[in-house]
Amino acid sequence: MVAASRFNESITVPLAEAAVSTLVAKGVAFDDVDVLWVPGAWELPVAVRRALATGKYDAAVVVGAVIRGDTPHFDIVAGEASRGLMEASRDFEVPVTLGLLTTDDMAQAEARAGGAHGNKGEDAALAALEMLDLFDRAFADETFAEDDA
């Protein structure tokens, strides 16, 4: 599943598209990738939590963009959205990867949404696949974790 915020759409659409295309290029069936669009970064954690609660998803690739402005709003939204996503990952024991850009300006966001610094949607999708592979290899036999404790 890809969860994406619509706010700063010129940035988030390329992030979401890169996440989906990366998953498909790595073997995930296109029809198995749901994309959940939410209004902004603040809404990402609750949407991801509700989606994970269904038990339908093995991972969540989260993309969005919080761009610093002249008020403390940036710090609140970026920090709390990130914390909420980490908590969802921990609570559901499912990889939730963070392609949520937190930049000082639009130029930095553009550089990370297909520009000079690549596309962080692709990076987040690759991280999700790597975590799923790790889970498959390391925890396929649940006694592995217990034996090492």
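Would you pull out the residues with amide H under 5 Å of Asn119's amide H, same chain only if 5 or more places away, H placed 1.01 Å from N?
So Asn119 has HN proximity to Gly114.
So what's the chain giving for Rg/Rh, alpha carbon basis, Kirkwood Rh from the mean inverse pair distance?
So for the chain, dividing Rg by the Kirkwood Rh gives 1.00.
If you take the square roots of the eigenvalues of the alpha-carbon gyration tensor of segment 1-63 and sort them as a ≥ b ≥ c, do you get rounded (a/c under 1.5), prolate (a/b over b/c) or oblate?
Values: a/c = 2.73, a/b = 1.10, b/c = 2.48.
Oblate, because a/c is 1.5 or more while a/b does not exceed b/c.
In terms of modelled amide H atoms, which long-range or inter-chain residues lie less than 5 Å from the amide H of Arg6?
Answer set, sorted by chain and number: Val38, Gly40.
Mean-square fluctuation check for the chain, GNM, Cα pairs under 10 Å: which of Asp105, Asp70, Asp133 is largest?
Asp70
Identify the GluC sites (Glu not before Pro) of segment 55-127 meeting these criteria: DSSP loop state and at most 12 other C-beta atoms within 10 Å of the C-beta. Don't jump to the answer; show the numbers that get you there.
Working: sites: Glu80, Glu87, Glu93, Glu110, Glu122; in loops: Glu93.
Passing sites in segment 55-127 are Glu93.
Quote to one decimal, in nm, the extra length available between Val24 and Val46 on full extension: 0.36 nm per residue of separation minus the C-alpha distance between them.
Values: separation 22, 0.36 × 22 = 7.92 nm, distance 2.55 nm.
Going from the current span to full extension adds 5.4 nm.
Give, in nm to one decimal, the length gained when the segment between Asp91 and Arg68 is fully stretched (0.36 nm per residue of separation minus the Cα-Cα distance).
Working: separation 23, 0.36 × 23 = 8.28 nm, distance 2.92 nm.
Using 0.36 nm per residue and subtracting the Cα-Cα distance, I get 5.4 nm.
To the nearest 20 Debye, how big is the dipole of the chain about its Cα centre, given +1 on the beta carbon of each Lys and Arg and -1 on that of each Asp and Glu?
Details: 11 positive and 26 negative charges, 109 e Å.
Using Cβ point charges on Lys, Arg, Asp and Glu, the chain gives about 520 debye.
Taken together, the values in this text are just the output of simple stated rules run on the coordinates, not laboratory data. This structure is a prediction, so every number in the text was calculated from the model and none was measured. All Cβ positions, glycine included, derive from the backbone under ideal geometry; neighbour counts span all protein chains shown.
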